[in-house]
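Presented below is the structure to which this report refers.
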Amino acid sequence: MTTKMIHIVIAAFFVTGLNGCALHSLPEIPTSTETVAAGSTVTRAGNAQNLIGDGVAVGQTLPNLKLTDRNMQLRSLDELRGRTVLLSISPSLDTQVCERQTHLLGEADVKDLPEEVVRVKITRDLPFAQSRFATETGFENIFYLSDYKSAEFGRGTGLLLEDLGLLARAVMVVDSEGTIRYLQVVPEVSHLPDMEKAFAVAREIATEE
C-alpha cells in the first residue's frame, strides 16, 4: 500500500468516526401524546408560557384567517376548504425540534398518507426562510404559510406564545367543511407532537370524504 493510499484510509477512518460520534451524540427528542387547550398555558424548558388569542377546539370551524405564502401573497384558510387538511404548527423552522417536526410532515407520503390530504406548515418565519428550507430539504410537497405580519393565525387560534411572540407547537386536522377534527397543543414546546396520531386521523377523514 502506497503512502497516499494509507493517508486516504486514515482520513476515511477519522471522518467515519467523527460522523458516528455526531450521530450518537444527537439528543433524542421526546414525543408528547398529551395536549392542553389552545389559549391556555404551555411550558418551554419547564417555564410557563401563556397562549394568547381566541382558543379553538375540536368540533369548531377553523376561522378564516389570512397568512402569507412563499410568494409573499396573502392566502385565506378558506381556500383549503373541500379537502382534508393537516396543519403542522411550530415556533420556527430553525431549531432541531421544529426541523424534525417538519421532516415528519414532509415524509408523510411514505407513511401512506393519501394525496388528497393537504399538508400545511405554519410558522412565524419569514416566507424567504420557508422557501430556503423547502429548497434545502426538498420538501416542496408541503404548503408553507407564514404568520409573520400580525400573528393573525396565532391570535385567531389561541396558539400565540405571549412572551416570545412565536407560535406554540401543535398539529391540527381539519375536514373538507373546515371543521377541526383533531387538535394537539403540545404541553412542552421542546417536545414533538404525536404526528403518527395526526396522520392516522387525516387518513381516516380522507377515506370518509
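Listed values, structure above:
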| item | result |
| --- | --- |
| Selected residue (only one of VAL85, VAL58 is surrounded by 15 or more Cβ atoms within 10 Å (Cβ to Cβ) and β-branched (Val, Ile, Thr)) | VAL85 |
| Some residue of region 136-146 being surrounded by fewer than 19 Cβ atoms within 10 Å (Cβ to Cβ), over 22 Å from GLY178 (Cα atoms) and in contact with a His (Cβ under 8 Å, 6 or more places away or on another chain) | yes |
| Selection from region 30-40 of residues that are loosely packed, with under 15 Cβ neighbours inside 10 Å and within 11 Å of GLU188 (Cβ to Cβ) | PRO30, GLU34 |
| Residue tally, condition among the acidic types (Asp, Glu) and either touching a Pro at 6+ places or on another chain (Cβ under 8 Å) or within 11 Å of LEU86 (Cα to Cα) (or both), over region 155-178 | 1 |
| Test: residue in region 167-175 that is surrounded by fewer than 20 Cβ atoms within 10 Å (Cβ to Cβ) and touching a residue at least 24 places away in the same chain (Cβ under 8 Å) | no |
| Qualifying positions in region 77-104 - assigned to a helix (DSSP H, G or I) and in contact with a helix residue (DSSP H, G or I) (Cβ under 9 Å, 6 or more places away or on another chain) | LEU77, GLU99, GLN101, THR102, HIS103, LEU104 |
| Residue identified as buried (at least 23 other Cβ atoms within 10 Å of the Cβ), in contact (Cβ under 8 Å) with a residue 12 or more places away in the chain and of a type outside the set (Asp, Glu) among LEU126, LEU65, LEU159, LEU80 | LEU159 |
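Taken together, the values in this text are just the output of simple stated rules run on the coordinates, not laboratory data. Since we're looking at a predicted model, the values are computed, not measured. Counting neighbours? That spans all protein chains shown, and the Cβs are built from the backbone with ideal geometry, glycine included.
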